[in-house]
There are 2 protein chains.
Amino acid sequence: MARSQPLFGRVTLIGLGLIGSSVARVIRRDRLAREIVACDAAAAVRDKVLELGLADRAVADPAAAVAGADLVMLCTPVLSYGGLGALIGPKLRKGAILTDVGSVKQAVVDALAPHVRRGVHFVPGHPIAGTENSGPEAGFAELFRGRWCILTPPPGVDARAVERVAKLWRAAGMEIATMPPAHHDRVLAITSHVPHLIAYTIVNTVSDLEGTMRADVIKFAASGFRDFTRVAGSDPTMWRDVFLSNKDAVLEMMGRLYEDIALLQKAIRHDDGDTLHKVFARSRQIRRGIVQAKQA
Amino acid sequence: MARSQPLFGRVTLIGLGLIGSSVARVIRRDRLAREIVACDAAAAVRDKVLELGLADRAVADPAAAVAGADLVMLCTPVLSYGGLGALIGPKLRKGAILTDVGSVKQAVVDALAPHVRRGVHFVPGHPIAGTENSGPEAGFAELFRGRWCILTPPPGVDARAVERVAKLWRAAGMEIATMPPAHHDRVLAITSHVPHLIAYTIVNTVSDLEGTMRADVIKFAASGFRDFTRVAGSDPTMWRDVFLSNKDAVLEMMGRLYEDIALLQKAIRHDDGDTLHKVFARSRQIRRGIVQAKQA
């Protein structure tokens, strides 16, 4: 996408994992910034980022990394944000946009808002995209295409700053939605966090089975199990932080799910085929709704 | 695959849904039988089967359908097998092979064995393949390629009959494994049945949410939820019968899963990040094992 003037001058990406490195690739591909500064604690990651040409500079110190940046994007596990906020808050230049890609939003707002000085624009965001892979080699520019990005700017944030962040994600092929952070967290609890929790659990339940069972389960994994295990391949640190940061919504949705599973379990125990059929048929309808909404 | 002599003379398929119609397509493609007789209770299905050229004859009466057949394959929901067995048992010619595609095996053996006369070869089978679609139009010959087929012949069944069934599934691109029916049922309970149950449940839990939540959940469905809902699109009748027929193994696996979910729920409630990380990291290892086993 040719531009006379890039969308941003200096972009600083903190955390160059799957998401951060994919964003870097989008920015490079579309020349959306004059300069990319990569900040990562791991030397191996910094080296790889430079080797792959994903950034112009790669540094370890966040405070140094954000100097003079127009856009700072946090792409680290969300529990790191409080510490990062304290380091970078005083260094963000007036007019800079602070954004992120975290899978939870209320905790992000709570962690960062205290560090956002007057004149800095705070636009928390969540691009709903990912694969089970990790690290800067895993990223790719097409990761975001056709997916949603949810922005949760606090009330009063400059609309033009929100729009610049939206432009970046649109360039990556995303559709933009805006909503309050707590609503985001409830929606994601049921669409993403609880399914991930179940997937992780079921894979562990399998690993506790006796030897022959476990070997056969892995050998004959198909359909349901294969789909479940795909999400269980996701980054353990990122997901630990997601659950610790979205505790209330996750526990609420888990509670609801438990009740519904108990109903089905009881139906099975009591040979209640009618209840089973009713529930399954209803699910199929909703599945068809999702296919129509083109999210499948 | 050219043959001087087809693998079978007359093949009778009872139930022309996704699986039955896919088998018909494989047989047609590779000329594995001289004649295909389709048997289905629904006139619309029989008409469609003939229209698609999937069979030479399409009849409603199972007893008539199996006359003179070398291979009879049951592809209906498993709770129909008892009734079918009573109808077709007396009509199977000596040397005929009776097989099936049901997702449970002990219940299938229990339902059909009483109707298998001396001289008829009983080779229960389960091709582990499927999509969320139903009906004769949904089938396709490639459905089975690269997947496992598990055969559970009772002790003493003629090895050559088992091999002929295996040949059919190998022609479809499947790998063959043989095991006792009860072991099959436990393996499938955890790899397939319980994941399907959870998927069905979680989709229903979503549909019970208040209006805006439900709409947003469907709209922003991605990753975890999308994978889960895929299996919830499966045929409700088939799955009702699976759960009613594999009750013990399903309830056992559900019990184990419940315990493990409770542990994680407690860890979340008590901010126990270490337990979460440990469980997630372990899952990722198993996921990698599955990718290596090429089942992903």
- Item | Residue in the stretch B:185-197 that is at pLDDT below 90, out of contact with any Ser or Thr (no Cβ under 6 Å at 6 or more places or on another chain), hydroxyl-bearing (Ser, Thr, Tyr) and not assigned by TED's automatic domain parsing to the domain that holds residue B:43 present | yes
- Task: Evaluate the following for residue B:176: is it of a type outside the set (Gly, Ala, Ser), more than 19 Å from residue A:228 (Cα to Cα) and surrounded by fewer than 20 Cβ atoms within 10 Å (Cβ to Cβ)?
- Result: yes
- Message: Looking at the stretch A:48-61, can you tell me whether even one residue there is surrounded by 20 or more Cβ atoms within 10 Å (Cβ to Cβ) and not aliphatic (A, V, I, L, M)?
- Response: no
- Note on the structure: Of the residues in the stretch B:219-249, those that are surrounded by 23 or more Cβ atoms within 10 Å (Cβ to Cβ), outside any loop (DSSP other than H, G, I, E, B), within 7 Å of chain A (Cβ to nearest Cβ) and of a type in the set (A, V, I, L, M, F, W, C) number 6
- Conditions (1) at pLDDT 95 or above; (2) under 19 Å from residue B:24 (Cα atoms) -> residue B:111 fails only (2)
- Okay, strands (runs of 3 or more DSSP E) sitting entirely in the stretch B:109-193 with 3 or more residues that are in contact with a Gly (Cβ under 6 Å, 6 or more places away or on another chain) and without any contact (Cβ under 8 Å) to a residue 60 or more places away in the chain, I get none
- Task: Hey, can you tell me all the residues within the stretch A:3-46 that are free of Cβ contacts under 8 Å to residues at least 12 places away in the same chain and over 20 Å from residue A:235 (Cα atoms)?
- Result: A:4, A:5
- Task: For the stretch A:195-217, indicate whether the set of residues that are facing another protein chain (nearest Cβ under 7 Å), in a helix (DSSP H, G or I), touching a Gly at 6+ places or on another chain (Cβ under 6 Å) and free of Cβ contacts under 8 Å to residues at least 24 places away in the same chain is non-empty.
- Result: no
- Inspect all residues belonging to the stretch B:157-165 and state whether any of them is at the interface with chain A (Cβ under 9 Å from one of its Cβ atoms) and of a type outside the set (Ser, Thr, Tyr). no
- Item | Filtered residue count, the stretch B:64-79, keeping only those that are part of a helix (DSSP H, G or I) and open to solvent by 40 Å² or more (accessible area, probe 1.4 Å) | 2
- Hey, residue B:122 open to solvent by less than 50 Å² (accessible area, probe 1.4 Å) and either outside the structural domain of residue B:92 (by TED's automatic domain parsing) or closer than 27 Å to residue B:53 by Cα (or both) or not: no
- Residue by residue through the stretch B:250-272, note down the ones that are more than 7 Å from every other protein chain (Cβ to nearest Cβ) and open to solvent by less than 10 Å² (accessible area, probe 1.4 Å). B:253, B:267
- Return only the number of the condition from (1) buried (at least 22 other Cβ atoms within 10 Å of the Cβ); (2) in a strand (DSSP E or B) that residue B:9 does not satisfy. (1)
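The values are calculated or read from the model by the stated rules, or taken from the named source; none is laboratory data. It should be emphasised that the depicted structure is a prediction, and the values quoted were computed from it without experimental measurement. Because the Cβ atoms are built from the backbone with ideal geometry, glycine has one as well, and the counts that use them run over all protein chains shown. With ligands, DNA and RNA removed, areas are computed over all heavy atoms of the protein, side chains included. Shrake-Rupley method; radii C 1.70, N 1.55, O 1.52, S 1.80 Å.
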